[in-house]
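The values are calculated or read from the model by the stated rules, or taken from the named source; none is laboratory data. Only a predicted model underlies this, so the values are computations on that prediction, with no experimental measurement involved. Positions of Cβ are backbone-derived with ideal geometry, glycine not excepted, and every protein chain shown enters the neighbour counts. Each accessible area value is taken on the protein alone, full model and side chains, heavy atoms only, with ligands, DNA and RNA left out. Shrake-Rupley method; radii C 1.70, N 1.55, O 1.52, S 1.80 Å.
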Amino acid sequence: MTSPTGSTPRVALVTGASSGIGAAVVAHFCKQGYQVLAVDFNAAGKEVAEAAGAAFFQADLTDPQACHDAVDDAVARFGGVDVLVNNAGIQHVATIETFPEQKWRNIIDLMLTAPFLLSQAVWPHMRKGGWGRIINIASIHANVASPGKAAYVSAKHGLIGLTKTAALEGGDQGITANAICPAYVKTPLVDNQIADQAKLNGMDEQEVIEKIMLKNAAVKRLIEPVEVAQMVAYLASDAAGAVTGASWNIDLGWTAH
């Protein structure tokens, strides 16, 4: 996959890359011939990235400077950024009454402010090349809410607004912006949610999967990370040049009700 300005490979920056969806996206891009910078707070992501053929940058993206530093690292290594995948996320399950303020701030900083700052930082490089793809990994919780997830739901709803605004501002510059809204994916984050939901609802973990996570699903299974990665690859491609400002559900039929 070559850049729009020549024969060099396109460059992708992927956050939350040490496991789950992010690791699947990194691996998929590397197989397609992209130059990839995998960004994660977890130092263990370095081994995951290098095994896939990507470079690694460790960063706490709740720090605004770290967002700019990650983009600067990609530009220094590869000369620019063609594709930005905002995937990093965390979760905390608690009622609004008991939700810790610092947890709220951490979630909003990582899952809404960081995508804004990263988009802002890559924008001049995409505009200069006349081509760019911003892909935000939202969630089915960008469309619907669930109890106990005030910060997560708020961040994901906000991410849709950011996506639409970026699409309108980037359209005449060759920059598209889209969001992907998966239901529950087989990731460590979801594994942790199962345990938290079990405690919150007084259920065992299998009940959480069946009665909460898959209750509204037509397809009764969890989603594989590679299924999301394949959608990311499409939205990053030339074939998706007319697709922008959209929210793509991979939701097992949740929103068909």
Quiz item: When the residues of segment 3-19 are filtered to those that are in contact (Cβ under 8 Å) with a residue 24 or more places away in the chain and open to solvent by 60 Å² or more (accessible area, probe 1.4 Å), which remaining residue is farthest from residue 117 (Cα to Cα)?
Solution: 8
Quiz prompt | Among the candidates 42, 86, residue that is touching a residue at least 12 places away in the same chain (Cβ under 8 Å), touching a strand residue (DSSP E or B) at 6+ places or on another chain (Cβ under 9 Å), farther than 19 Å from residue 232 by Cα and among the polar types (S, T, N, Q) | solution = 42
Exercise. Kindly indicate whether residue 201 is free of Cβ contacts under 8 Å to residues at least 12 places away in the same chain and polar (S, T, N, Q).
Key: yes
Practice problem: Scan segment 130-158 and report the pairs whose first residue is free of Cβ contacts under 8 Å to residues at least 24 places away in the same chain and whose second residue is assigned to a strand (DSSP E or B) and surrounded by fewer than 19 Cβ atoms within 10 Å (Cβ to Cβ), with Cβ atoms within less than 8 Å and a gap of 6+ or a chain change. | Solution: none
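Would you confirm, using the coordinates I've provided, whether residue 250 is modelled with pLDDT under 95, within 21 Å of residue 20 (Cα to Cα) and of a type in the set (Val, Ile, Thr)?
In short, no.
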